[in-house]
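First up is the structure itself, then whatever we jot down about it.
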Amino acid sequence: PVRTIAAVHGHASGAGFQLALACGLMVVSRGASLSMKEIQLGLVPDLGGTLPLRQAVGYQRALEICLTGRKVTGTEAAELGMALACVEDDELSGATDDLVAAIVAAMPNATTAVLELLRGAGGRTLAEQTAAERRAQFGRITELAALMGD
């Protein structure tokens, strides 16, 4: 139920890259550099970063990034869909603050419901997803009605 945002400036290699991938959203600066360096040490990524990487960029690109250990620039991270946005280095803090403000302005239980819907969407059929959406919406309407009645 936690909403997390990674703001990446500078180098995020190995564990740092995987930590950023574990966040729900990622904003990077143009000068950012992300890489899975483990392969160059004879190791493998082991902090759960391979799943969100594959989900963000697809199997082939994730495989290439992991097998080569090459650096992905901030611009490329946004182009590949791994990062939500790439901004100038000096704008990273403001862009991240704006994103945080927009998210926290929404009702917390609504954002939690959206997170649960999106996290489960990959393993559901369309019928199952629409049923989950209806259940979530019913819960939201019930909660809002109760708040209006107070």
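The values are calculated or read from the model by the stated rules, or taken from the named source; none is laboratory data. Quick caveat: nothing in here was measured; it's all calculated off a predicted structure. In this analysis, Cβ positions are derived from the backbone assuming ideal geometry, glycine residues included, and neighbour counts consider all displayed protein chains. To get the accessible areas, we keep the full protein, side chains included, count just its heavy atoms, and leave off ligands, DNA and RNA. Shrake-Rupley method; radii C 1.70, N 1.55, O 1.52, S 1.80 Å.
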Determine the per residue accessible area of region 42-150 with all protein chains present and a 1.4 angstrom probe, expressed in square angstrom. 66 Å²
If the chain between L118 and D97 were fully extended at 0.36 nm per residue, the gain over the current Cα-Cα distance would be 5.3 nm
Classified through the alpha carbon gyration tensor (a ≥ b ≥ c as square roots of its eigenvalues; rounded if a/c is under 1.5, else prolate when a/b is larger than b/c, else oblate), region 79-150 comes out oblate
Please list, in chain and number order, the residues 5+ apart from A32 or on another chain whose amide H is under 5 Å from its amide H, with Hs placed from the backbone. G10, G74
What is the percent carbon and sulfur in the accessible area of the chain, measuring with a 1.4 Å probe over the protein chains and ignoring ligands? 61 percent
For the residue pair E64 and R30, what label-to-label distance in nm results when each label sits 7 Å from Cα along the Cα-to-beta-carbon direction? 2.4 nm
Could you tell me which GluC sites (Glu not before Pro) in region 67-150 are loop residues by DSSP with no more than 12 other beta carbons within 10 angstrom of their beta carbon? E88
With label points set 7 Å from each Cα along the Cα-to-Cβ direction at E143 and A15, the distance between them in nm comes to 3.5 nm
If one builds a Gaussian network model of the chain from Cα atoms under 10 Å apart, the most fluctuating residue listed among D46, D97, D89 is D46
Under a crude label model (7 Å from the Cα following the beta-carbon direction), how far is D89 from T111 in nanometres? 3.0 nm
